[in-house]
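Reviewing the structure listed below.
The values are calculated or read from the model by the stated rules, or taken from the named source; none is laboratory data. Predicted model only: the values in this text are computed from it and were never measured. We place every Cβ from the backbone using ideal geometry, glycine too, and count neighbours over all the protein chains shown. Calculation scope for accessible area: heavy atoms of the full protein, side chains included, ligands and nucleic acids excluded. Shrake-Rupley method; radii C 1.70, N 1.55, O 1.52, S 1.80 Å.
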Amino acid sequence: MGQGPRSPHKVGRRFPAGGKRGRGAKGSGRPLPGRKRQPWPPPDGRSEPAPDSHPHLSPEALGYFRRALSALKEAPETGEERDLMVHNIMKEVETQALALSTNRAGSEMLQELLGFSPLKPLCRVWAALRSNLRTVACHRCGVHVLQSALLQLPRLLGSAAEEEEEEDGKDGPTETLEELVLGLAAEVCDDFLVYCGDTHGSFVVRTLLQVLGGTILESERARPRGSQSSEAQKTPAQECKPADFEVPETFLNRLQDLSSSFLKDIAVFITDKISSFCLQVALQVLHRKLPQFCAHLCNAVIGYLSTRSSSVDGSPLLLFLRDQTSSRLLEQVLLVLEPPRLQSLFEEHLQGQLQTLAAHPIANFPLQRLLDAVTTPELLSPVFEELSPVLEAVLAQGHPGVVIALVGACRRVGAYQAKVLQLLLEAFHCAEPSSRQAACVPLFATLMAYEVYYGLTEEEGAVPAEHQVAVAAARALGDVTVLGSLLLQHLLHFSTPGLVLRSLGALTGPQLLSLAQSPAGSHVLDAILTSPSVTRKLRRRVLQNLKGQYVALACSRHGSRVLDAIWSGAALRARKEIAAELGEQNQELIRDPFGHHVARNVALTTFLKRREAWEQQQGVVAKRRRALNSILED
């Protein structure tokens, strides 16, 4: 690829570290959603009723439930005593379910109690709340109780415990758990716009969609229930469920009914910032469970947006890609579209506009999702040709996420890898002279151009200076950014990562240690250890620079994890070297909160006192690992 003239962006360029995907993330380029807290109660009356309409939870009752929950946590995990304790506590919960749900401290305790509850007590509590469903669902505390109740379904639905409990006890609910969920879905369906448009109620709709589809999305599993207090974050393990679970056919039928409700008011769900989140979750669930219905919803969204007022510079869709609310919905649409439909969407609406989108503070995010969805050479080819001339300009505008997504597409499809690497070297000013290429890793990791990273001043049009190895070795590694780490991880998974590996090998021991100790940089070491493109010989050549740094690595939060990964793949000879170095500082390791875990993993005490037994033990482990690898390769 030929070297073009130096870009006006090149001199003294520090690339803004934008592109973080949090809402309103620092440097993200995406403005805050602008959702202001509504006065209480809001004028449209959709949110929770006045406080005095809620039953009061007395301090005595609150103290009882706090003590009961504490005792339950300390009780044995199984046994009659625990079962009786849970039964008695849930009996009390049933009588004060509404008061607990609408009290901040009470709702947090109720969420935890639901995680311990067997089927029947949970159903009774659910039934006690049904007559006040709107009150609870649209309450800032009650919504989390309903979410927690729904998230117990993977644990309880269709289990053997359900069948056993339906047979005993005469005081059980008249409705099964399945009937209660379907009843909740029917009530939500009747007032679909109200629930989806309410700040709190929309969370219930999103969780309900996932439960009906038998899939709990990763974002839902990661979100703690209730407040952000340390106690509230200790959520019962029962809520951390696998992504998919079996549901009855009636659930999928009801999911289709709810999804059809989106079609009736598609304009609202595209333009209203709260309601739009419900449609985004529906697309993710339908994509996994009912892909044909998902495609139907996507076509409805694209069809509606395509018929709006025309944009002066192309498709009407371009206007909505620049909008704060509809752009988020379009991001999800792009991620769930099937490849043929994605190709036609690109050709009809986006081709020729990618450079404009890449420069826009909002539209660059849907563009990143388009790049994330690219899986075919037919789509990557026109996208790459359109974006490749402006990579440095996009970095300079503070949208590195676009560049990282393009590199990720090249990795995934297996095309244009050499070209995009050359373009990156040029964008970071380390392509020429060739000696500068040895510095590409710290530049990519920190998202800084060569002159900025090394503090050089070069006149416009001047011949770039040669790379000074001594200066580079004396400089401490800069702060590794998350996006810089992602960029390096993609490059290490290219079919020929030799240039990046040579640059990693040029790092000094302290510099490589800093990379391994960094929260973001430690994942670059993971990529070295796991990439199929990195041979064992090349891996050893890079990692040998960590000799003399193992103790510091072991005593670091992130470095210790890296050292554990290195140890897992190390041969017996390398393990001896690591153990010998760590053994010199055995007491320091034992006293360190991270180092003592490494010492235990390495069996350092055995190594120091009974070397032969240690070698025999490690030989057995190595033999098992080789056998496992041979099975996996077969």
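Each row is one residue, and each column tells you yes or no for (1) under 26 Å from the mean Cα position of the chain (by Cα); (2) surrounded by fewer than 22 Cβ atoms within 10 Å (Cβ to Cβ); (3) farther than 30 Å from TYR454 by Cβ.
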| residue | (1), (2), (3) |
| --- | --- |
| ASP323 | yes, yes, yes |
| PRO366 | yes, no, yes |
| VAL394 | yes, no, no |
| HIS429 | no, no, no |
Inset, instruction - Return the residue satisfying two criteria in turn: it lies in segment 264-298 and is in contact with a Lys or Arg (Cβ under 8 Å, 6 or more places away or on another chain) and free of Cβ contacts under 8 Å to residues at least 60 places away in the same chain, and of such residues it is nearest to PHE192 (Cα to Cα). - result: SER276
Inset, instruction - Tell me which residues, restricted to segment 545-567, are assigned to a helix (DSSP H, G or I) and either within 26 Å of the chain's Cα centre (by Cα) or in contact (Cβ under 8 Å) with a residue 60 or more places away in the chain (or both). - result: ARG557, HIS558, GLY559, SER560, ARG561, VAL562, LEU563, ASP564, ALA565, ILE566
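Being without any contact (Cβ under 8 Å) to a residue 40 or more places away in the chain and closer than 13 Å to LEU483 by Cα is the filter here; which residues of segment 435-453 pass it? Steps first, answer last, please.
Here is the first cut: in segment 435-453, the residues without any contact (Cβ under 8 Å) to a residue 40 or more places away in the chain are 435-436, 443, 446, 450, 453.
Answer for segment 435-453, where residues must be without any contact (Cβ under 8 Å) to a residue 40 or more places away in the chain and closer than 13 Å to LEU483 by Cα: LEU443, THR446.
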Inset, instruction - Kindly provide the set of residues from segment 577-588 that are assigned to a helix (DSSP H, G or I), within 12 Å of VAL551 (Cβ to Cβ) and open to solvent by 30 Å² or more (accessible area, probe 1.4 Å), ordered by number. - result: ALA580, GLU581, GLN587, GLU588
Inset, instruction - Would you point out which residue out of LEU110, LEU69 is over 23 Å from HIS200 (Cα atoms) and either over 27 Å from the mean Cα position of the chain (by Cα) or open to solvent by 10 Å² or more (accessible area, probe 1.4 Å) (or both)? - result: LEU69
Legend entry - Meets criteria (at pLDDT below 95, farther than 17 Å from ASP526 by Cα and not polar (S, T, N, Q)) for GLU466: yes
Inset, instruction - Tell me, yes or no, whether segment 149-171 has at least one residue that is under 19 Å from THR95 (Cα atoms) and at pLDDT 90 or above. - result: yes
Legend entry - Hits in segment 382-397 - residues which are without any contact (Cβ under 8 Å) to a residue 60 or more places away in the chain and in contact with a helix residue (DSSP H, G or I) (Cβ under 9 Å, 6 or more places away or on another chain): PRO382, VAL383, PHE384, GLU386, LEU387, SER388, PRO389, VAL390, LEU391, VAL394
Inset, instruction - Output the qualifying pairs, or none if there are none: Cβ atoms under 9 angstrom, residues six or more apart or on different chains, first residue in segment 608-634 and part of a helix (DSSP H, G or I), second residue modelled with pLDDT under 75. - result: none
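On the basis of being at pLDDT below 95, farther than 18 Å from VAL143 by Cα, part of a helix (DSSP H, G or I) and not β-branched (Val, Ile, Thr), does ALA282 make the cut?
Here the answer is no, as ALA282 does not meet what is asked.
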Inset, instruction - Name every residue in segment 84-99 that is surrounded by 15 or more Cβ atoms within 10 Å (Cβ to Cβ) and free of Cβ contacts under 8 Å to residues at least 24 places away in the same chain, in order of residue number. - result: MET85
Inset, instruction - Answer with yes or no whether ARG591 is open to solvent by 60 Å² or more (accessible area, probe 1.4 Å), out of contact with any helix residue (DSSP H, G or I) (no Cβ under 6 Å at 6 or more places or on another chain) and closer than 27 Å to LEU515 by Cβ. - result: yes
Legend entry - Boolean, ALA137 is open to solvent by less than 10 Å² (accessible area, probe 1.4 Å), closer than 28 Å to THR215 by Cβ and at pLDDT 90 or above: yes
Legend entry - Leading residue by the ranking (nearest to the chain's Cα centre (by Cα)) among those in segment 346-364 that are more than 19 Å from SER326 (Cα to Cα) and in a helix (DSSP H, G or I): GLN355
Legend entry - Matching residues, segment 248-277, being touching a Phe, Trp or Tyr at 6+ places or on another chain (Cβ under 7 Å) and within 18 Å of GLN332 (Cα to Cα): SER259, PHE262, ILE266, ALA267, PHE269, ILE270, SER275, SER276
Inset, instruction - Being under 18 Å from ALA405 (Cα atoms) and in contact (Cβ under 8 Å) with a residue 60 or more places away in the chain is the filter here, so list the residues in segment 491-510 that pass it. - result: LEU491, HIS493, PHE494, SER495
Inset, instruction - Check segment 437-447 and report whether any residue there is crowded, with 18+ Cβ neighbours inside 10 Å, under 21 Å from GLY401 (Cβ atoms) and touching a strand residue (DSSP E or B) at 6+ places or on another chain (Cβ under 7 Å). - result: no
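From the list LEU252, LEU319, pick out the single residue that is without any contact (Cβ under 8 Å) to a residue 24 or more places away in the chain, in a helix (DSSP H, G or I) and over 22 Å from the mean Cα position of the chain (by Cα).
Of the residues listed, the single one that is without any contact (Cβ under 8 Å) to a residue 24 or more places away in the chain, in a helix (DSSP H, G or I) and over 22 Å from the mean Cα position of the chain (by Cα) is LEU319.
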Legend entry - Any helices (runs of 4 or more DSSP H) falling wholly within segment 374-453 and containing at least 1 residues that are of a type in the set (D, E, K, R) and over 21 Å from ALA506 (Cβ atoms): 377-387, 391-396, 400-413, 417-427
Inset, instruction - All but one of (1) of a type in the set (D, E, K, R); (2) open to solvent by 20 Å² or more (accessible area, probe 1.4 Å); (3) part of a helix (DSSP H, G or I) hold for ARG308, so report the exception by its number. - result: (3)
